[in-house]
1. On a C-alpha basis, how far is the centre of segment 111-150 from the centre of segment 213-262 in Å? Whole number, if you could?
2. Report, as a whole number in µm² per second, the diffusion coefficient that Stokes-Einstein gives for segment 234-386 at 25 °C and 0.890 mPa s using the Kirkwood radius over alpha carbon pairs.
3. Can you pull the accessible area of residue 192 for me, 1.4 Å probe, Å² to the nearest 10?
4. Can you give me the solvent accessible area of residue 225 with a 1.4 Å probe, rounded to the nearest 10 Å²?
5. Considering the convex hull of the alpha carbon atoms of segment 261-325, report its projected area averaged over all viewing directions, in nm², one decimal.
6. Per the Kirkwood treatment, what hydrodynamic radius in Å, one decimal, follows for segment 298-383 from the mean inverse distance over all distinct Cα pairs?
7. So what is the 222 nm mean residue ellipticity for the chain from helices alone, if each DSSP H run of at least 4 adds -39500 (n - 2.57) and you divide by all residues, rounding to the nearest 500 deg cm²/dmol?
8. Roll a 1.4 Å probe over the protein heavy atoms and report the accessible area of residue 74 in Å², nearest 10.
Amino acid sequence: MIHTEYHISRMPSSPVAGWPRTITTFEIPALLAIAPALLFPTPGRLVVLAVVPVLLIAASISTGRAIPRTPMNMALYVLLAMVIVSLFVTIDIGVSLGKVCGMILGMLLFWAIVPWVTTAERLQFATLVFLLAGIGLAAAGLFGANWDNKFAAVGAITSHIPAAIRGVPGAEVGFNTNAVGGCLVLFVPLQVSLLALGPAGFPGPRRAWTGTALWAAQILLLVVTAGTLILTESRTSWIALLAAVGIFLIWHSRWTRALVVLAMAAVVTWVAAVGSDQAFVSIVSRAGPAFVSTWDLREKLWPLGVQGIEDRPITGFGMNVFRKIMLTQYPGFPALPGEEPAHVHNHLLQAALDLGIPGLVAYLALWIVAAVLLVQVHRHSSVRAYRSMASGLGVG
């Protein structure tokens, strides 16, 4: 949201003019220009990081502060410190480099975007860009996913989608559908919350044609993103979204709480009627093939991750390298010859394995602070659109 909603700001601008102010104006475009080199880094490409000190110095001169004040900063500083530490403990910097550069890019973009979104018009533009990023992710998923075909009905559709995107570093055979589904969960609830406002409710300029056009575009975006989410067959993403909606309904109002109570009563009544064993079998049988086996694999991975955290509680192993050492130092996962699990299939365990328990604490702090800020906006903002956006982002 805008600064007045979040109490986020840089220091008042100094009267200094000239090149520092000009550079600061182009901070976001500059970071977007170097983003490809950081998303797919090699040692030679890291020369683009030379632009970062220039941006920070220019921001410090022109605004009085190199990094804007935000409630996230303390967590981000700790996270950045642990990322730097991880470079000294990793067994292979080449394997860790992509994750490290991605973290740095994310922080820099966050600190550049926060002081820019200061008006309703800019918030509208930023929200539109975010929604377009959602449809871009959905399009990449549609044409680049490595489809699992867990359900025959869905497989009949995905089998006709051309595999146009292949060979991306780290996803040579296609994007993991669970990863695509998990990311799309961040977009779908926000799209629904904005649609609920109607054509005139979107924050920003009040020109009717603008609101109507944006509202119509959101319908198309929702069809694409929600449709792709269904096609991913990511059962964990579906469950997460359903659980999040349930929690939001419990929190929202007494009427939505009553709706949840009725739904839960119906489920309890069904379980009591058929028996808990039969209910479990019925649910699992409808969850698609390999549900039990994939769950069993996760149950074998998680204890190995816990063992790794116990061995390296402070520093972790470095980013993205536990996959390289797990099969030899922590045997027990039934991998195929030459296969290595990409991660331990639990983002909290993985954060601790990569960056140690201090990194996990900082990572959790980001989620907690974000949740608190969204609740504050929802409760205290006088603008209905901002409250609705906070709801959608919160569910996601």
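1. A separation of 17 Å, based on Cα centres.
2. Result for D is 129 µm²/s.
3. Accessible area of residue 192: about 70 Å².
4. Rounded to the nearest 10, that gives 0 Å².
5. Mean orientational projected area (segment 261-325, Cα hull): 7.5 nm².
6. Mean inverse Cα-Cα distance, inverted, gives 14.3 Å.
7. After summing the helix terms and dividing by residue count, I get -22500 deg cm²/dmol.
8. Residue 74 exposes around 140 Å² with every protein chain in place.
The values are calculated or read from the model by the stated rules, or taken from the named source; none is laboratory data. None of these values were measured; they are calculated from a predicted model. Every residue, glycine as well, gets a Cβ built from its backbone with ideal geometry; the counts of neighbours run over all protein chains shown. Areas reflect the complete protein model, heavy atoms only, side chains present, ligands, DNA and RNA absent. Shrake-Rupley method; radii C 1.70, N 1.55, O 1.52, S 1.80 Å.
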